[in-house]
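A.B. asks: Pasting a structure here, questions to come.
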Amino acid sequence: MAPERRDTLASVQPDRLVMPASNQKLITGAVALARLGADYQWQTTFVRTGPIVKGVLRGDLVVIGTGDPSVSAAMRGDPLMAFDSLVAALRANGVVRIAGRVRSSDLHAFPGSPLGFGWDWDDLDAPYGAGVSELMFNDAFADVQVRGCGAARRAACVTTMPAHTTPVIRSQVTTRAAGTGAPDIVWWRDSAATPGIVVRGSIAMGDSLEFSAAQPDVRLSYLAAVREALIRGRIQVGDRAINATGADTLMVLRSAPLRDVLKAMQKPSQNQIAEVLFRTLGLHDTGVGTPDSARAVVERQLNAWGVRRDAHAIRDGSGLSRHDYLTPRAIVQVLDTMRRSAVFPHFYGSLPVAGEDGTLKNRMQRFAERRVRAKTGTIDKARALSGFATTAMGEMIVFSIIANNFTVPNREVDRIAELIVERLVMMRGATP
């Protein structure tokens, strides 16, 4: 569509409901900017229970979260450094030891399942399939490194990053003699009473292997990271809860603003940020941070923008659910609405640039020349590309190309989509 002329250049089944995959994030990002504003920040409050006596906090450190998605390696480098201000606040109050433990509030901002509706069981161990909570550390996943260390037939070394204490690793990996072949490693998330990851197999001496895994328990991983940061800051922490009366706020940790979080979501297509945004919309507008309340907020906003009620079915914020449905026309309507809004620079700036960054870094390099900003989308049997293209005459074109239920390779679907976008970019007149 050429929005300035309100002219549809071409359309094929624009009102057919299709699975949008990660094009769902376009909707989530647009509604978030509209409802929350580009300067919105999440707050995490740290509360002490019990008094501070001679350098000892005689109680627990309670963490009350609202979903801050910016405590991650992607946004902060070393996410443990996000808690440096907490260490400073404790030291300012003279605390060198916490007699109790670090725990979360009993009232959760995002109650219920950490997973989205209809998520595929096969995705749940992978980083992109991690659940979410109001306490998010490193996008709810960890990097695990297995090294062949020490002597043969001895235990291999297994470490986690960016925190070294979460998740709990149950290693059954042994070291083989050097030069005895590639690593033979399998792993899975354990759902035992203390959730962790089981790693089993063998690895040659001097060899190494890395993989990324979803955290088995999102809240526990955040609390473990806080504890690790405190110990790194030379504050001792107990491991048993202490029943103490009273509560006092030690500090409030504020997130990066939404305008920066959007880039961290859209450019790499980060699912967990999208899910946090989705539930935040529910919490902000209704007081209940559940997917059902979020769904109602998003659908109301789409209707307010003039999107037909039968043109959308919203189930999550990321598009990982196979129960999300949108029409290409609905996506174009939302993109055009954002184009005409005051927050468009933040929305436009969050999208991948063809041939330059994000999920489009290696696509459309031959012709795009920074003239295409768009969101990709991929789940099994669904491929999407929607966004903005600037023509040779400097006119902005809004487009949405979504394919479902195909049997050819994804690269063939991409090839056709890119030929369409190339035609748009090369336009010099009123018709493509």
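A.B. asks: Pairs needed: first member in region 237-266, within 15 Å of residue 76 (Cα to Cα); second member anywhere, in a strand (DSSP E or B) and modelled with pLDDT of 95 or more; C-beta distance under 6 Å; at least 6 residues apart or different chains.
C.D. replies: Between residues of region 237-266 that are within 15 Å of residue 76 (Cα to Cα) and residues that are in a strand (DSSP E or B) and modelled with pLDDT of 95 or more, the close pairs are 253/44; 254/43.
Residues are listed down the side, and each one gets a yes or a no for (1) assigned by TED's automatic domain parsing to the domain that holds residue 87; (2) surrounded by fewer than 18 Cβ atoms within 10 Å (Cβ to Cβ):
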site: 178; (1), (2): no, yes
site: 191; (1), (2): no, yes
site: 197; (1), (2): no, no
site: 202; (1), (2): no, no
site: 229; (1), (2): yes, no
site: 249; (1), (2): yes, yes
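A.B. asks: So for region 207-215 (the condition being modelled with pLDDT under 95, aliphatic (A, V, I, L, M) and either surrounded by 15 or more Cβ atoms within 10 Å (Cβ to Cβ) or in contact with a helix residue (DSSP H, G or I) (Cβ under 9 Å, 6 or more places away or on another chain) (or both)), does at least one residue qualify?
C.D. replies: no
A.B. asks: Suppose we keep only residues that are within 16 Å of residue 384 (Cα to Cα) and β-branched (Val, Ile, Thr) within region 1-51. Which one would you say is modelled with the lowest pLDDT?
C.D. replies: The qualifying residue modelled with the lowest pLDDT is 12.
A.B. asks: Further question: Search region 153-182 for residues that are without any contact (Cβ under 8 Å) to a residue 24 or more places away in the chain and pair each with any residue that is assigned to a loop (DSSP other than H, G, I, E, B) and hydrophobic (A, V, I, L, M, F, W, C) when their beta-carbon atoms are under 6 Å apart and the residues are at least 6 apart or on different chains.
C.D. replies: Pairs found: 157/149.
A.B. asks: Given the criterion among the aliphatic types (A, V, I, L, M) and in a strand (DSSP E or B), identify the matching residue among 368, 374, 417.
C.D. replies: 374
A.B. asks: Further question on the same structure: Only one residue in 163, 264 is closer than 19 Å to residue 70 by Cβ, small (Gly, Ala, Ser), in the same structural domain as residue 150 (by TED's automatic domain parsing) and surrounded by 14 or more Cβ atoms within 10 Å (Cβ to Cβ), so which one is that?
C.D. replies: 163
A.B. asks: Same structure again: Take the conditions of a type in the set (Gly, Ala, Ser), within 16 Å of the chain's Cα centre (by Cα), outside any helix (DSSP H, G or I) and over 18 Å from residue 232 (Cα atoms) and apply them to residue 50. Does it pass?
C.D. replies: When the stated conditions are applied, residue 50 does not pass them.
A.B. asks: Of these, 148, 94, 100, 129, which one is in contact (Cβ under 8 Å) with a residue 12 or more places away in the chain and under 27 Å from residue 287 (Cα atoms)?
C.D. replies: When all the criteria are applied, what remains is 129.
A.B. asks: Still on this structure, please answer the following. When residues of region 114-159 are filtered for being farther than 23 Å from residue 295 by Cβ and either buried (at least 19 other Cβ atoms within 10 Å of the Cβ) or touching a His at 6+ places or on another chain (Cβ under 6 Å) (or both), how many remain?
C.D. replies: Residues flagged as farther than 23 Å from residue 295 by Cβ and either buried (at least 19 other Cβ atoms within 10 Å of the Cβ) or touching a His at 6+ places or on another chain (Cβ under 6 Å) (or both) within region 114-159 amount to 11.
A.B. asks: Sticking with this one: Can we say residue 63 is in contact with a strand residue (DSSP E or B) (Cβ under 7 Å, 6 or more places away or on another chain) and under 30 Å from residue 309 (Cα atoms)?
C.D. replies: So residue 63 fails the test.
A.B. asks: Next question. Tell me, please, whether a residue that is charged (D, E, K, R), touching a Gly at 6+ places or on another chain (Cβ under 8 Å), touching a residue at least 12 places away in the same chain (Cβ under 8 Å) and surrounded by fewer than 24 Cβ atoms within 10 Å (Cβ to Cβ) can be found in region 11-24.
C.D. replies: no
A.B. asks: Just checking, which of 339, 329 is surrounded by fewer than 20 Cβ atoms within 10 Å (Cβ to Cβ) and closer than 12 Å to residue 30 by Cβ?
C.D. replies: 339
A.B. asks: Do we find that residue 368 is modelled with pLDDT of 95 or more and among the small types (Gly, Ala, Ser) in this structure?
C.D. replies: no
A.B. asks: Right, another one. Could you give me the residue pairs with C-beta distances under 6 Å whose first residue belongs to region 349-360 and is closer than 18 Å to residue 30 by Cβ, whose second residue is of a type in the set (Val, Ile, Thr) and assigned to a helix (DSSP H, G or I) wherever it lies, and which are 6+ apart or on separate chains?
C.D. replies: 352/359
A.B. asks: Under the condition of being touching a helix residue (DSSP H, G or I) at 6+ places or on another chain (Cβ under 8 Å) and assigned to a helix (DSSP H, G or I), which residue from region 82-113 is surrounded by the fewest Cβ atoms within 10 Å (Cβ to Cβ)?
C.D. replies: This residue is 84.
A.B. asks: If residue 110 meets every condition in (1) touching a strand residue (DSSP E or B) at 6+ places or on another chain (Cβ under 8 Å); (2) within 24 Å of residue 277 (Cβ to Cβ) apart from one, which number is that one?
C.D. replies: Every listed condition holds for residue 110 apart from (1).
A.B. asks: Taking residue 399 as meeting all but one of (1) more than 16 Å from residue 348 (Cβ to Cβ); (2) surrounded by 22 or more Cβ atoms within 10 Å (Cβ to Cβ), write down the number of the exception.
C.D. replies: Condition (1) is where residue 399 drops out.
The values are calculated or read from the model by the stated rules, or taken from the named source; none is laboratory data. A quick note: this is a predicted structure, and the numbers were derived from the prediction, not measured. All Cβ positions, even for glycine, are placed from backbone atoms using ideal geometry, and neighbour counts span all protein chains on display.
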